[in-house]
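To keep things clear, I will list the structure first and then write my remarks on it.
The values are calculated or read from the model by the stated rules, or taken from the named source; none is laboratory data. Please read all numbers here as calculations on a predicted model, not as lab measurements. As a convention, Cβ positions derive from the backbone with ideal geometry for all residues, glycine included, and neighbour counts pool all protein chains shown. These area figures cover heavy atoms from the full protein model, side chains too; ligands, DNA and RNA do not enter into them. Shrake-Rupley method; radii C 1.70, N 1.55, O 1.52, S 1.80 Å.
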Amino acid sequence: MKKYIIILTVVLGLFACESELELVAPSELTVAGFWDTEEGARTAHTGMFADLRDATGTLWLLGEIRSDVWGGRTYESPANVSLIESSFTVSTAPFGGWAGLYTQIHRINDFLINVPGIDFVNESDKDHLIGQAYGLRALYYYALLKAWGDVPIILEPLATVDPAGLSRERSSQSDVMAQIKSDIEASLNAFGSDNSFWAGNKNFWSKAATLALKGDVYIWSGNLMGGGNADLTEAKTALQQIASFGISLEPSIDNLWGVPNEGNSEFIFAVQYQRDEASNIYNSFTGRSTEINPQFNAAGESMADFIIAGANRYGQSEKTILLLDDNDDARKDATFIRLYTDDNGGAGYPTYSEPTYFGSIFKKFLGQVDGSERIFENDVPLYRYADVLLLLAEAKNLLGEDPSSEINQIRQRAYGENYEPGTHAYVNGSQTDNANAILNERYKEFIGEGKRWWDLRRAGDSFVIDNVSFLNSGDEYKLILPISEDMIGRNPLLDQTPGWQ
């Protein structure tokens, strides 16, 4: 993969140098040669996943930072406080330029226009690549829809550098959702009966990933956009197919995390990180050795030998700490290392204790140690089977069905040998009770995986307002991001997001 990323970078670099001399669109430049061969298509395909990896930090911010997970104590200057507190304004609007996601979309558009005309030795390989590309474009437009609501729909490659030709007005949410659904169906049609993972590798998109995305999208559409039971049934049907692809819940939380476990049966699609190629974002959730080494973990053990050279810009909220403060639940120790300023006389701190609590280290994606260095090379899942089960629980609940089976599969895995049905099993309740139970389980299960804000949004505005302390009744307009003033200055066809004028 690294070889192809380097090749693609060189190719795109040549285009950039050329564009300084001639105002010719990248699509026109690539037609002559680059898109003529299967090798060029495969190189561009790999580049799409390099692009996705570049965007993963942004997708994480969009999907989690505004939720109730973060905003707690850090031992360095915290990052993205205005996002955590939803305290930005039009003049300080975050994610200018649509967070750069249209760059990825333009490259996928290029791919989808050109690759169908290329002869492949194996035409089924071409179909698989096209299925992946449609799935990725649906993923990007879904992120844009959730973040900004109305957004421009652009399906053709960039064909001009004339600013007048680049200006597009915002399409309605319903039109954007229709495009997302269209891309999902195009992806599934391209995959056909091919349920395989490209090169046996879950770092590439697949039919299973498209089905997971379909379930996610159709719940959003069904619950928030008037799709109703028809869309919810579509979601349920898509999600129920995924187990037949050899995807299953890992029996133990310990089987999920750590570089050696990245090939587990639960991951459906994960963004790849490798030493000397790219590091993930999670060193910003750790800290420096000068801060960590003098502290003690919750078991009362010294952190003096802990190897790290990161930052501590995000701290779990007290709500998160208390939610995970259950020693029978394996997710407590799998998610964070809690730090204290003393060892409590050797007894440690089995439960959360102020004022000796110092802060936390996020543990899921800690990479691995090589000598005196920690390498942040964990692959990061965008979809895994626990996600599928709890999305299925959402669909069933919204359809008036019993979601307790899916909730309890997650709880049984979390509690392991400590699981007591009388204590831990969830019993079907009202639709609102069920929704809160599902949200609570997703909260504990997916901390740090870029899910919580979207989970609350998908459940409905009232769930966001009830759970995020920085938002109050009347702030519903804030759930959709404003666009920056310079975006409107560059594109006069854009209107500001309602409520932010």
Determine the pairs where a residue that is without any contact (Cβ under 8 Å) to a residue 60 or more places away in the chain, located within region 321-335, has a partner that is buried (at least 17 other Cβ atoms within 10 Å of the Cβ) and in a helix (DSSP H, G or I) with Cβ atoms under 8 Å apart, the partner being 6 or more residues away or on another chain.
Asp325/Lys332; Asp326/Lys332
Kindly indicate which of Pro403, Pro421 is open to solvent by less than 20 Å² (accessible area, probe 1.4 Å) and not acidic (Asp, Glu).
Pro403
Any residue at all in region 484-495 that is free of Cβ contacts under 8 Å to residues at least 24 places away in the same chain, within 16 Å of Thr92 (Cβ to Cβ) and either out of contact with any Leu (no Cβ under 7 Å at 6 or more places or on another chain) or not in a helix (DSSP H, G or I) (or both)?
yes
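Yes/no matrix, rows are residues, columns are (1) under 24 Å from Gln274 (Cβ atoms); (2) buried (at least 20 other Cβ atoms within 10 Å of the Cβ); (3) among the aliphatic types (A, V, I, L, M); (4) modelled with pLDDT under 50:
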| position | (1), (2), (3), (4) |
| --- | --- |
| Leu12 | yes, no, yes, yes |
| Gly40 | yes, no, no, no |
| Ala44 | yes, yes, yes, no |
| Gly57 | yes, no, no, no |
| Asp68 | no, yes, no, no |
When you scan region 356-441 for strands (runs of 3 or more DSSP E) that lie fully inside it, which ones turn up with 2 or more residues that are within 29 Å of Phe197 (Cα to Cα) and not polar (S, T, N, Q)?
380-384
With the condition kept exactly as written, say whether any residue in region 116-130 is outside any helix (DSSP H, G or I), among the β-branched types (Val, Ile, Thr) and over 22 Å from Phe204 (Cα atoms).
no
Any residue at all in region 147-160 that is of a type in the set (A, V, I, L, M, F, W, C) and at pLDDT below 95?
yes
Answer yes or no as to whether Val115 is of a type in the set (Val, Ile, Thr), touching a Lys or Arg at 6+ places or on another chain (Cβ under 8 Å), closer than 28 Å to Phe336 by Cα and crowded, with 18+ Cβ neighbours inside 10 Å.
no
Consider Phe120 carefully, then state whether it is modelled with pLDDT of 95 or more, surrounded by fewer than 21 Cβ atoms within 10 Å (Cβ to Cβ) and of a type outside the set (Gly, Ala, Ser).
yes
Checking the conditions here, which among Ser91, Ser82, Ser77 is surrounded by fewer than 16 Cβ atoms within 10 Å (Cβ to Cβ) and in contact with a helix residue (DSSP H, G or I) (Cβ under 8 Å, 6 or more places away or on another chain)?
Ser91
Spot the failing condition for Leu256; the list is (1) open to solvent by 40 Å² or more (accessible area, probe 1.4 Å); (2) under 14 Å from Pro381 (Cα atoms), and only one is missed.
(1)
Qualifying residue in region 267-279 (condition: open to solvent by 10 Å² or more (accessible area, probe 1.4 Å) and among the β-branched types (Val, Ile, Thr))
no
